[in-house]
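Take a look at the structure below.
Throughout, read-outs are computed from the coordinates displayed, never taken from laboratory work. Predicted model, so just to flag it, every value in this text is computed and none were measured. Here Cβ is always computed from backbone atoms with ideal geometry, including for glycine, and neighbour counts include all displayed protein chains.
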Amino acid sequence: MEIKYIGKSVLIVLFCIASGIKAQQKISGRVITGNDLDLAPALIVNISDGKSILSDMSGKFEIEAKENDEIRFVKEGYYRSDKKITGEDFKAPLNIILRRMEIQIPEVKIKYKPTGNLAKDNRYFNESRKLQSLKSDMEDYMKSPLNQPLPNNTVSKTFSGHDFNAGQVNVLGVLSAVSGLVKKATKPKITKANYNETQDFLKRVKNQISLGFLTKYGMDEEQIDRFLLYAEKTRSLAKRFRKDFQVSEVEYELKVAFAEYSKTNKLEGAKE
């Protein structure tokens, strides 16, 4: 009886060892994406036991698994892939192919095509009164003085040398301050331009500003009017310059606007 009991114990131990060996099997392989430049590792997860590893930069991996375990392969920008392990998968390396996700670009619809008629197009592109009021309030806020004083970023007198100018009048400083106050007092206040003021300003631009940099790109009268309307809206030209028309400043603003306009509008190119 004792010999039989010992024999049964040995069989049980051998069975447990065999089960343990079977449970500790590993599968290996490589995750393939079809993009040799994509060297980011993939995440391999054994869904059945919760264990996970990362592949190396070439996609190679090795993970513990048992037959019928479910293994998941995950990589950013690719569709994930799941595989149920069979007995054959332990005999040879696996090749897991991941397919890249498609990037969908939203469709852009052009609701309004400018006609070239400044009066008609201006009515369409005019911002709503609420938006104009909001922008005006934000502009006033940005230009208003701070409610709280900034800290005085100066060196303490304890650590500074003797000031030989103390008690002396800085004549140049006084003259500069007076000049600045005179210019500020004589400069007209910036206000919103109504429709008629905007039209008058655009006519003045066409009469006083050299638009050769537009015509050399093959732009006709209608295209120039369309661009001037774009520049006026994006750079607030009538609002800023109709009362203080500085030719050099207006011309500079037009060229800045044209640099952006040419990126989204097809032009014929400079003429010889």
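Can you classify the stretch 26-104 as rounded, prolate or oblate using the Cα gyration tensor, where a ≥ b ≥ c are the square roots of its eigenvalues, rounded means a/c under 1.5, and otherwise it's prolate if a/b beats b/c and oblate if not? Prolate shape, in that a/c is at least 1.5 and a/b is the bigger ratio.
How much length, in nm to one decimal, is gained on full extension between T215 and T234, taken as 0.36 nm per residue of separation minus their Cα-Cα distance? Don't jump to the answer; show the numbers that get you there.
Numbers: separation 19, 0.36 × 19 = 6.84 nm, distance 2.08 nm.
So the extension gain works out to 4.8 nm.
Net charge of the neighbourhood of K203, taken over other residues with C-beta under 14 Å away and scored Lys/Arg +1, Asp/Glu -1, is -2. Each residue, S248 and K26, gets one label point 7 Å from its Cα in the Cβ direction; the gap between the two is 7.5 nm.
Tell me, I209, I27 in order of fewest to most beta-carbon neighbours within 10 Å?
Details: I209 17, I27 22.
Arranged by neighbour count, lowest to highest, I209, I27 become I209, I27.
Distant-in-sequence amide contacts of G29, defined by a placed amide H-H separation under 5 Å and a gap of 5 or more residues or a different chain, comprise F61, L94.
Could you work out how much longer the chain between D38 and N117 gets when fully extended? Use 0.36 nm per residue separation minus the Cα distance between them, nm to one decimal.
Numbers: separation 79, 0.36 × 79 = 28.44 nm, distance 5.16 nm.
Gain on extension, D38 to N117, equals 23.3 nm.
Rounded to the nearest 0.05, what FRET efficiency do Y79 and S48 have when you use their Cβ-Cβ distance and R0 = 25 Å? Calculated value: 0.75. Secondary structure note: in the stretch 26-104, about 80% of the DSSP beta bridges are antiparallel.
What FRET efficiency do you get for N196 and E62 if R0 is 45 Å and r is their Cβ-Cβ distance, rounded to the nearest 0.05? Display every interim value, and only then the final one.
Details: r = 78 Å, r/R0 = 1.74.
Taking R0 as 45 Å, the efficiency between N196 and E62 is 0.05.
Ranked by how many other Cβ atoms sit within 10 Å of their own Cβ, fewest first, the residues E62, E232, E76 fall in the order E76, E62, E232.
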